[in-house]
Amino acid sequence: MSDDDTDSTAEPRREDRDFDVDLDEVVLDEGDDEESTGLFDDLLSGEPIFENKEVLRPSYTPHELPHRKEQINKMATILVAALRGETPSNILIYGKTGTGKTASAKFVSQELESTSQRYDVPCEVEYINCEVTDTQYRVLAQLANKFIEENEQYIDGRIEELEALLEDVEEQRPSEVLPETEFDSTDAVEERIAQLEADREEFEEVPMTGWPTDRVYSVFFDAVDYHERVVVIMLDEIDKLVEKSGDDTLYNLSRMNSELQNSRVSIIGISNDLKFTDFLDPRVKSSLGEEEIVFPPYDANQLRDILQHRADVAFKSEALTDDVIPLCAAFAAQEHGDARRALDLLRTAGELAERDQAESVDEAHVRKAQDKIELDRVVEVVRTLPTQSKLVLFAIISLEKNGVHNINTGEVYNIYKRLCEEIDADVLTQRRVTDLISELDMLGIVNAVVVSKGRYGRTKEISLSVPIDETEAVLLSDSRLGDIDDVQPFVQARFDN
DNA sequence: CATCCACAGGAACTTGGGGGCA
DNA sequence: TGCCCCCAAGTTCCTGTGGATG
């Protein structure tokens, strides 16, 4: 469902990053428009490099996950309990971005669900990405709505069965058919159908907001408990949830089992952060961490394997020169063994080669891809920043442009205030601005270190960690910041003081 | 060695906008 | 309509602090 397009285990990456590829492609038609035909012919005639680009996209879930057999088997051994109708232990999965946590977990849960259908054991897996759904209310609401949907399907299924049963009864004698079922008369069957229909009417969709949380919880609880089954709740990026809204959600989920009548709940938590359990209530911690599985980063050799696997499908044969895959693997291995990054790199390199109408992808394309990915990321992050953060960033850039290095909070705040007045924006307090600076730091746009300068106080030393001109251009393209004429006077004023 | 700067950053609170419900 | 809830962003008030300086 909608999960697949939000499955990123990585940093915020709100949209697909292809948006600016289109921009570049538009530029292509400036040069060669002598003929009205030929625009696309040229592009088509070049031997295409890709055979099937889809398998390189982050959203693609492979059928095979090299070098993850051990972890997958461990998950499977824990989860078979569900197929025996028992409650599986809760699982905590650790691993950095791009180590295949989500892919493996999704793979296992797909297998689990399909096996459970074959053996006719009621078992369901629900996936929630806590980076998107990051409050207790939203998690519960989303789960409640999913289970309500499930229940409606379940009821429809039951009603169908029962109606078929009634038909059988009409054809044969009730005494021959009914004894094999739980019913002793056709009336009882009809009653049950009416009951089910009434139940279905009672299900109430949980609204996005408005209800008290405990009401959402009880709707969710009833929905889960409606019929017998084992429910596995998969919480991706669980550390984000704990960070933002505490461990109440996890506490509620983990104590559910003791109150459920018909069903059993088991939780799979997926985390980037090894230490996030430190903030948990000890009870939650012990119940959640019954089983722990660690996904170590891939090393360069493993990455090479993975890339090779996919490249065989993704590219035409001979489309890659020999050093492309090792190089992609090496770059990604430097980024804590991030397979997603490696695949991104390979795909982007291929796209660049395609655009150059090159015969094959070579080392230079990979290096260009490396730069492009980083720049795209920065552009996207900066572009989608809230106005206030943009102003703060702009203040930092202005200082940097005027040769001020090791900028401190006070300086940023002063420039920021002037910028706000200039474009008639609300001026935030310094307290808030320090938070905004910290956020920029976490996004990797600036680098902020707290230093003590003795008598001259304690402050953050801030420096820009992205290309200055490109970033400035992105900021100025914002409709509100576009009005700023020249920053010199502001910064100059600083020196006058 | 104490002092004291210039903030960092935690906690509680407010504001305003999403909504439900009787 | 008035009262309830949830949430993000922001404010107010506050205590804490590393180390050059007097």
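The values are calculated or read from the model by the stated rules, or taken from the named source; none is laboratory data. Everything quoted here is computed from the prediction, not taken from an experiment. Reconstructed Cβ throughout: ideal geometry from the backbone, glycine too, with neighbour counts over all protein chains shown. Quick note on the areas: whole protein, heavy atoms, side chains included, nothing else; ligands and nucleic acids left out. Shrake-Rupley method; radii C 1.70, N 1.55, O 1.52, S 1.80 Å.
Among the residues of the range A:116-123, are any more than 21 Å from the chain's Cα centre (by Cα), part of a helix (DSSP H, G or I) and either over 23 Å from A:D222 (Cβ atoms) or within 16 Å of DNA strand B (Cβ to nearest atom) (or both)? Walk me through it before giving the result.
Quick first cut of the range A:116-123, residues more than 21 Å from the chain's Cα centre (by Cα) only: A:116-123.
Within this subset, residues satisfying the condition of being part of a helix (DSSP H, G or I) are A:116-118.
So of that shortlist, the ones also either over 23 Å from A:D222 (Cβ atoms) or within 16 Å of DNA strand B (Cβ to nearest atom) (or both) come out as A:117-118.
Yes; the residues of the range A:116-123 include at least one that is more than 21 Å from the chain's Cα centre (by Cα), part of a helix (DSSP H, G or I) and either over 23 Å from A:D222 (Cβ atoms) or within 16 Å of DNA strand B (Cβ to nearest atom) (or both).
Applying the criterion of being of a type in the set (D, E, K, R) and within 6 Å of DNA strand B (Cβ to nearest atom) to the residues of the range A:452-466, the residue that is least open to solvent (accessible area, probe 1.4 Å) is A:K460.
Residues checked against (1) within 15 Å of A:I468 (Cα to Cα); (2) without any contact (Cβ under 8 Å) to a residue 24 or more places away in the chain; (3) out of contact with any Lys or Arg (no Cβ under 7 Å at 6 or more places or on another chain):
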{"site": "A:H405", "(1), (2), (3)": "yes, no, yes"}
{"site": "A:C420", "(1), (2), (3)": "no, no, yes"}
{"site": "A:R431", "(1), (2), (3)": "no, yes, yes"}
{"site": "A:I437", "(1), (2), (3)": "no, no, no"}
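Only a single item in (1) within 16 Å of DNA strand B (Cβ to nearest atom); (2) touching a residue at least 60 places away in the same chain (Cβ under 8 Å) is not met by A:G210, and it is number (2).
Select from the range A:423-432 the residues that are surrounded by 17 or more Cβ atoms within 10 Å (Cβ to Cβ) and outside any loop (DSSP other than H, G, I, E, B) and list them in ascending order.
To start, the set of residues in the range A:423-432 that are surrounded by 17 or more Cβ atoms within 10 Å (Cβ to Cβ) comprises A:428.
Result: no residue meets the conditions.
Taking the stated definitions as given, is A:E150 touching a helix residue (DSSP H, G or I) at 6+ places or on another chain (Cβ under 9 Å), open to solvent by 20 Å² or more (accessible area, probe 1.4 Å), part of a loop (DSSP other than H, G, I, E, B) and among the acidic types (D, E)? In short, no.
Scanning the range A:295-341 for residues that are open to solvent by less than 40 Å² (accessible area, probe 1.4 Å) and basic (K, R) turns up A:R310, A:R340, A:R341.
All conditions but one from (1) hydrophobic (A, V, I, L, M, F, W, C); (2) within 12 Å of DNA strand B (Cβ to nearest atom); (3) open to solvent by less than 10 Å² (accessible area, probe 1.4 Å) apply to A:V449; the one that does not is (3). Condition check for A:S266 on (1) over 21 Å from the mean Cα position of the chain (by Cα); (2) in contact (Cβ under 8 Å) with a residue 24 or more places away in the chain; (3) farther than 30 Å from A:R138 by Cα; (4) open to solvent by less than 30 Å² (accessible area, probe 1.4 Å): one failure, at (3).
Would you check if there is a residue in the range A:362-372 being open to solvent by less than 10 Å² (accessible area, probe 1.4 Å) and at pLDDT 90 or above?
The initial filter retains those residues of the range A:362-372 that are open to solvent by less than 10 Å² (accessible area, probe 1.4 Å), namely A:366, A:369.
After this cut, where a residue has to be at pLDDT 90 or above as well, the list is A:366, A:369.
Checking the range A:362-372: at least one residue is open to solvent by less than 10 Å² (accessible area, probe 1.4 Å) and at pLDDT 90 or above.
Residue under question is A:L56, and the condition is that it be over 30 Å from A:I233 (Cβ atoms) and at pLDDT below 80; does it hold? Step through it out loud before you land on a result.
Working: over 30 Å from A:I233 (Cβ atoms): yes; at pLDDT below 80: no.
No.
When A:L391 is tested against (1) under 30 Å from A:E461 (Cβ atoms); (2) out of contact with any helix residue (DSSP H, G or I) (no Cβ under 6 Å at 6 or more places or on another chain), just one condition goes unmet, and that condition is (2). Quick one: is A:R200 farther than 30 Å from A:Q142 by Cβ, basic (K, R) and open to solvent by less than 100 Å² (accessible area, probe 1.4 Å)? No: the conditions fail for A:R200. In this structure, does A:T471 turn out to be open to solvent by less than 60 Å² (accessible area, probe 1.4 Å) and near DNA strand C (Cβ under 10 Å from one of its atoms)? No. Restricting A:D273, A:D236, A:D281 to residues that are touching a strand residue (DSSP E or B) at 6+ places or on another chain (Cβ under 7 Å) and in the same structural domain as A:K106 (by TED's automatic domain parsing) narrows the list to A:D236. In this structure, is A:V379 in contact with a helix residue (DSSP H, G or I) (Cβ under 6 Å, 6 or more places away or on another chain) and either buried (at least 20 other Cβ atoms within 10 Å of the Cβ) or farther than 23 Å from A:D426 by Cβ (or both)? It is true that A:V379 is in contact with a helix residue (DSSP H, G or I) (Cβ under 6 Å, 6 or more places away or on another chain) and either buried (at least 20 other Cβ atoms within 10 Å of the Cβ) or farther than 23 Å from A:D426 by Cβ (or both). Taking (1) crowded, with 17+ Cβ neighbours inside 10 Å; (2) polar (S, T, N, Q); (3) within 16 Å of DNA strand C (Cβ to nearest atom); (4) under 30 Å from A:E335 (Cβ atoms) in turn, A:N414 satisfies each apart from (4).
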